[in-house]
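*Asks:* Questions regarding the structure given below will be posed in turn.
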Amino acid sequence: MDRPAVRDGALLFLRLVIGAVFVAHGWDKIFLTGVPETAAQFAEMGIPQAQMTVWLVAIVEIIAGALLILGLLGPFVAGVLIVEMFAALWFVHINNGLFVSDGGFEYALVMIAALSIVVTFGSGRASLDRVFTR
């Protein structure tokens, strides 16, 4: 049974939530925790070029999160964020088990799964992708 309105509503909700979470995480790295503190945390976790990586990750999270919210270039930006989440999983979380309370990889894994939905099904009809592809 095809229910496009339900699918598009679910895609919109998913994009809004995921996009807002990424924007918040990027904003935190730059403006709340701050670049120097975040870079120190990245360096402690063994992330290469910590200062540059903080800026790269934060800017990607803010811009890609905003684009997800708008539904603009949805599958592409979701793919970019999947790559970022795999990097976070590999560099930070993989050796800490599953649970996020232990620094584990469950958050990254859930985000990868959610972003995979956008890559697979697109942004849906309630999106700028739909406006520009008509």
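*Asks:* Only one of these conditions is not met by G103: (1) modelled with pLDDT under 95; (2) touching a Leu at 6+ places or on another chain (Cβ under 9 Å). Which number is it?
*Replies:* Condition not satisfied by G103: (2).
*Asks:* Suppose we filter L72, L89, L98 for residues that are open to solvent by less than 60 Å² (accessible area, probe 1.4 Å), at negative phi and not in a helix (DSSP H, G or I); which single one remains? Step through it out loud before you land on a result.
*Replies:* Details: L89 fails: not in a helix (DSSP H, G or I); L98 fails: open to solvent by less than 60 Å² (accessible area, probe 1.4 Å).
Just a single option satisfies the conditions, and that option is L72.
Residue by residue, here is whether (1) closer than 30 Å to A126 by Cβ; (2) aliphatic (A, V, I, L, M); (3) in a helix (DSSP H, G or I); (4) open to solvent by less than 30 Å² (accessible area, probe 1.4 Å) holds:
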site: T38; (1), (2), (3), (4): no, no, yes, yes
site: I47; (1), (2), (3), (4): no, yes, no, yes
site: A64; (1), (2), (3), (4): yes, yes, yes, yes
site: L67; (1), (2), (3), (4): yes, yes, yes, no
site: V77; (1), (2), (3), (4): yes, yes, yes, yes
site: V83; (1), (2), (3), (4): yes, yes, yes, no
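*Asks:* Further question on the same structure: Are any of the residues in the range 12-27 modelled with pLDDT of 95 or more, charged (D, E, K, R), more than 14 Å from L67 (Cα to Cα) and part of a helix (DSSP H, G or I)?
*Replies:* No, the range 12-27 has no match at all.
The values are calculated or read from the model by the stated rules, or taken from the named source; none is laboratory data. No experiment lies behind these values; they were computed from the predicted model shown. Every residue, glycine as well, gets a Cβ built from its backbone with ideal geometry; the counts of neighbours run over all protein chains shown. Just the protein is used for accessible areas: all its heavy atoms, side chains included, with ligands, DNA and RNA removed. Shrake-Rupley method; radii C 1.70, N 1.55, O 1.52, S 1.80 Å.
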